[in-house]
Amino acid sequence: MAGNGASSTPFIEIRDVSKYFGDFAAVDSVSLTIGKGELFSILGGSGCGKTTLLRMLAGFEVPTKGRILIDGVDITEMPPYERPVNMMFQSYAIFPHMTVEKNVAYGLEKEGIPREEIKRRVGEMLNMVQLGAFAARKPHQLSGGQRQRVALARALVKRPKVLLLDEPLAALDKKLRERTQFELMSIQYKLGITFVVVTHDQEEAMILSSRIAVMDKGRLIQVGTPKEVYEYPNCRFVADFIGNINMFEGTVVDVDGDRVRVNCKDAGGELVALSDSPPLAGSAVCVAVRPEKIFISQNEPENSEDTRLAGVVEDLGYFGNLSLYRIRLEGGRIVQVSAQNRRRSAERFLEWDDKVFISWRPRSAVLLTD
Amino acid sequence: MKPRSRFILSVLAFGYAFLYLPLASVIVYSFNDSRLATVWGGFSTRWYGELLDNDQVLDSAFLSLRIALTVATLATIFGTMAGMALSRFSRFRGRTLFSGMITSPMVMPEVITGLSLLLLFVSMQQLVGWPAQRGFGTITIAHTTFAMAYVAIIIQSRLSAMDESLEEAAMDLGGRPLRVVFDITLPLIAPAMIAGWLLAFTLSLDDLVISSFVSGPGASTLPMLIFSKVKLGVTPDINALATLIILFVSSGVLIAWWVSRRSQRQSA
């Protein structure tokens, strides 16, 4: 779903924002622009500063330095109740003493909108999240998924310029989470509101987002479409954080145009990767390959362009749609390989301790220097 | 029955007997027909009747009630404000000190609290001419100072159990901070405020030591009156009075418990 409704004009501008708690930099010199109508994710582990960044967009924290602009207006010091921004909280924060209808109406009442219009807009919003029949219920009479939709309706009913979502799906079980992901995307598409999602779940970020920002230790590490971040990680952290990956540490032997040959002792051979900005010979690098990009075979592969390594099946796991293999290379290194089970067969294609060859194309590997 | 559980049961029975036998004897002897407080002379309710004819007892009961109602209301207002300041507003200078100091009236010996308040009232009278005489006003002020500490603790613990993002969400939806207090915070801590009000009410009704220090001539609360009467020997009408107080206080505690339990279940 990359690029759903995204436009290139900056709508949210985060200019060199830092937030210190005492000496600790929760957010460290982050600059970021988000386009109108984007579904933008901020991804990172716990304590990486993603929630602090979101809270600065909502107005609950004031940046120590830097400015934040939304639609050209500097909102850095604007209190939360004046911002054209609404937030869906991780705990949903539904007012327990109010009915569903009252919860959703709260924001409109504070705006001083006429009663009939409030009633109409709340009704529309509740119908959109399929809670029309639950308007008179109290929050404790709702299931987890219904509460989540009340929180969403309440945050959307004021038609904010930006909707902030803090771990929107973390409290739901797996099946419901998958369905809700697609609901969120279709609501976002229908309303055209810019969504900024904070999540620690890389799968969620990949599926939902038009673009992802990966954060670590308060810093922005990489910003890109899900595809870019997955296929072209710019450093070891991003490569390791998103999806599974095999990383081979080694030294550059020689560089031929964009082809880089890397010597890796524990792989027991030479690896080839392509790089736009090749490092100098002799420098320490990392070659990273995703498990699904590796071919596995019992005969030695012929294509001399490819990286080829020999090993032994150490372990294998059958997952139905795919099989996962752990191959011990001659250098002692273990490599993860995943293969689609395309053919239907009761017999296994490979068994424990089988001698195998693994190989991958040069453009399947990523060369990392950071 | 296993010997071990029999042992536990007897310990339990002993503990409860220790707590409630004295109270039970007071209640039983309040229906004693005899003029001697410790000799049983048949069942009667005549001491309750005599109590109602005793103006001195009725006056002090009415005074105690008036004080307790005022104290409970004032302590709830100030205690709620203090509890909210302690748990909600962003760290201000001296917050830890303030937080520790709010509990000090709870641990301070009542004699000290009473004495210090008396000294304060006397010196204020000399300096500004107020309070001109000690009685209802001074007792109310004294009771409020220690009762609000208890209310503040109750409110603080209720607020710390409450999700702070509820208030943030209300602000995010356009509620100004003061509006949010009335829309969200107060309705949600209302059960704790009721529990605090009842606790403050009972504490004030109970208090003897502090009242004795800060009261003046002609103003004696019910506990003060009972204490002075007992000094001349226990009479059966005291038993009747004590029984009424037990009934009153325990129903207050029961209501407080019920209210706080209901609010816990609702927030869960």
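Read the figures in this text as sums done on the coordinates, not as results from a lab. Remember, predicted model here, so these are calculated numbers, not experimental data. Cβ placement follows ideal geometry from the backbone for every residue including glycine, while neighbour counts extend to all protein chains displayed.
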Legend entry - Residue tally, condition among the polar types (S, T, N, Q), in contact with a helix residue (DSSP H, G or I) (Cβ under 9 Å, 6 or more places away or on another chain) and surrounded by 15 or more Cβ atoms within 10 Å (Cβ to Cβ), over the stretch A:336-368: 3
Legend entry - Candidates A:GLN141, A:GLN148, filtered to the one that is more than 28 Å from A:ILE75 (Cα to Cα) and not aromatic (Phe, Trp, Tyr): A:GLN141
Inset, instruction - Residue by residue through the stretch A:161-198, note down the ones that are over 21 Å from A:GLN146 (Cβ atoms) and within 11 Å of the chain's Cα centre (by Cα). - result: A:VAL198
Inset, instruction - Give the number of residues within the stretch B:114-164 that are aliphatic (A, V, I, L, M) and more than 19 Å from the chain's Cα centre (by Cα). - result: 12
Inset, instruction - Name the single residue, out of those in the stretch B:120-144 being in contact with a Leu (Cβ under 8 Å, 6 or more places away or on another chain) and of a type in the set (A, V, I, L, M, F, W, C), that is nearest to B:GLY216 (Cα to Cα). - result: B:PHE136
Legend entry - the stretch B:171-194 - residue that is within 7 Å of chain A (Cβ to nearest Cβ) and aliphatic (A, V, I, L, M) and, of those, nearest to A:VAL122 (Cα to Cα): B:LEU173
Inset, instruction - Answer yes or no as to whether A:LEU280 is out of contact with any Leu (no Cβ under 7 Å at 6 or more places or on another chain), surrounded by fewer than 18 Cβ atoms within 10 Å (Cβ to Cβ) and aliphatic (A, V, I, L, M). - result: yes
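Exposed (fewer than 11 other Cβ atoms within 10 Å of the Cβ) and farther than 30 Å from B:ILE139 by Cβ: does that describe B:ARG88? Reasoning before the result, please.
Values: exposed (fewer than 11 other Cβ atoms within 10 Å of the Cβ): no; farther than 30 Å from B:ILE139 by Cβ: yes.
Taking the combined requirement at face value, the residue does not satisfy it.
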Legend entry - Unmet requirement for B:THR38, which otherwise passes all of (1) closer than 18 Å to B:ALA242 by Cα; (2) assigned to a helix (DSSP H, G or I); (3) polar (S, T, N, Q): (2)
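Within the stretch B:127-135, is there a residue that is within 20 Å of B:VAL111 (Cα to Cα) and in contact (Cβ under 8 Å) with a residue 60 or more places away in the chain? Please lay out each step first, then the result.
Taking the stretch B:127-135 and keeping what is within 20 Å of B:VAL111 (Cα to Cα), we get B:134-135.
Imposing the further condition that a residue be in contact (Cβ under 8 Å) with a residue 60 or more places away in the chain reduces the set to B:134-135.
Yes, the stretch B:127-135 contains a residue that is within 20 Å of B:VAL111 (Cα to Cα) and in contact (Cβ under 8 Å) with a residue 60 or more places away in the chain.
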Legend entry - Enumeration of residues in the stretch B:160-170 that are assigned to a helix (DSSP H, G or I), more than 7 Å from every other protein chain (Cβ to nearest Cβ) and surrounded by fewer than 21 Cβ atoms within 10 Å (Cβ to Cβ): B:SER160, B:ALA161
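With the requirement that a residue be touching a Ser or Thr at 6+ places or on another chain (Cβ under 6 Å) and not in a loop (DSSP other than H, G, I, E, B), what does the stretch A:290-306 give you? Spell out the reasoning first.
In the first step, residues of the stretch A:290-306 are kept if they are touching a Ser or Thr at 6+ places or on another chain (Cβ under 6 Å); the result is A:291-293, A:295, A:301, A:306.
Those that are touching a Ser or Thr at 6+ places or on another chain (Cβ under 6 Å) and not in a loop (DSSP other than H, G, I, E, B): A:PRO291, A:GLU292, A:LYS293, A:PHE295.
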Inset, instruction - For the stretch B:110-129, state whether one or more residues are under 30 Å from B:ILE27 (Cα atoms) and part of a helix (DSSP H, G or I). - result: yes
Legend entry - The one condition in (1) within 30 Å of B:VAL57 (Cβ to Cβ); (2) assigned to a helix (DSSP H, G or I); (3) of a type in the set (Lys, Arg) that B:ARG179 fails to fulfil: (1)
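For every residue, the table says whether it meets (1) under 29 Å from the mean Cα position of the chain (by Cα); (2) away from chain B (no Cβ under 13 Å); (3) within 24 Å of A:SER29 (Cα to Cα).
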site: A:GLY45; (1), (2), (3): yes, yes, yes
site: A:GLY49; (1), (2), (3): yes, yes, yes
site: A:ARG55; (1), (2), (3): yes, no, yes
site: A:LEU69; (1), (2), (3): yes, yes, yes
site: A:VAL85; (1), (2), (3): yes, no, yes
site: A:PHE95; (1), (2), (3): no, no, no
site: A:MET98; (1), (2), (3): no, no, no
site: A:ALA105; (1), (2), (3): no, no, no
site: A:GLU117; (1), (2), (3): no, yes, no
Inset, instruction - Please state which of the following conditions B:SER157 fails to meet, knowing it meets all the rest: (1) more than 14 Å from chain A (Cβ to nearest Cβ); (2) of a type in the set (Gly, Ala, Ser); (3) in a helix (DSSP H, G or I); (4) crowded, with 21+ Cβ neighbours inside 10 Å. - result: (4)
Legend entry - Filter result (aliphatic (A, V, I, L, M) and more than 14 Å from A:GLU270 (Cα to Cα)) within the stretch A:299-336: A:VAL312, A:VAL313, A:LEU316, A:LEU322, A:LEU324, A:ILE327, A:ILE334, A:VAL335
Inset, instruction - Could you check how many residues of the stretch A:133-161 are more than 14 Å from A:LEU176 (Cβ to Cβ), in a helix (DSSP H, G or I), away from chain B (no Cβ under 14 Å) and touching a helix residue (DSSP H, G or I) at 6+ places or on another chain (Cβ under 6 Å)? - result: 1
